[in-house]
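Just below is one structure, and these are the notes that go with it.
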Amino acid sequence: MRGPVAPPQVPLAASRAETFADLVQDSVERLERRWPQLTDIDFLVLDVPRLDGAGAGWSDGTVPLGGTVAAREGRPARVVVYRRPVEIRTKGRDDRAALVHEVVVEQVADLLGLTPETVDPRYGEE
């Protein structure tokens with residue numbers, strides 16, 4: 001008998017990219033309770049950072065895990081989390097969720113001009 005192992009609504013059927021996007025969304029929702037102005041920021045997941053343009057400043061041998069784009073000309077500010085670099089640095093779902101949250105907190109702090117500890121007092125504890 002051929003067919004899907006699980007129906008689409010079951011987490012088993014979620015792709016790695018969808019599961020990762022859910023981790024980012026969970027982190028954002030956690031922060032929005034404390035910082036309601038985050039609803040005005042777009043949060044994106046990209047597979048990898050670009051080699052040209054804004055990402056050109058990371059040629060020092062380390063690949064960024066996230067980045068920000070300031071608001072301009074009617075476009076909201078953006079926080080980007082890079083999926084593949086985060087996945088490579090983590091072993092399991094809990095480890096990945098903790099790193100995703102750290103990246104989101106760091107990028108939000110950068111956008112707001114605050115320290116990560118101000119954005120999330122539990123930053124670095126997980």
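The simple spin-label model puts a point 7 Å past each Cα toward its Cβ; for residue 70 and residue 19 those points are separated by 3.8 nm.
The protection proxy used here, the mean number of other Cβ atoms lying within 10 Å of each residue, ranks peptides 114-121, 24-31 as follows, highest first: 24-31, 114-121. With the simple model of a label 7 Å out from the Cα in the direction of the Cβ, residue 50 to residue 118 spans 3.0 nm. Rounded, prolate or oblate, given the Cα gyration tensor of the stretch 15-126, with a/c below 1.5 counting as rounded? It is rounded, given that a/c, with a ≥ b ≥ c, falls under 1.5.
Working note: Karplus 6.51/-1.76/1.60 with θ = phi - 60° gives the stretch 113-123 the couplings x, 10, 7, x, 5, 6, 5, 9, x, 8, 4 Hz, where Gly and Pro are set to x. Backbone amide hydrogens, once placed in the peptide plane, bring residue 66 within less than 5 Å of 82, excluding anything fewer than 5 places away on its chain.
Taken together, the values in this text are just the output of simple stated rules run on the coordinates, not laboratory data. Given the structure is predicted, the values throughout are model-derived calculations rather than measurements. Don't worry about glycine lacking a Cβ; one is built from the backbone with ideal geometry, like all the others, and counts go over all protein chains shown.
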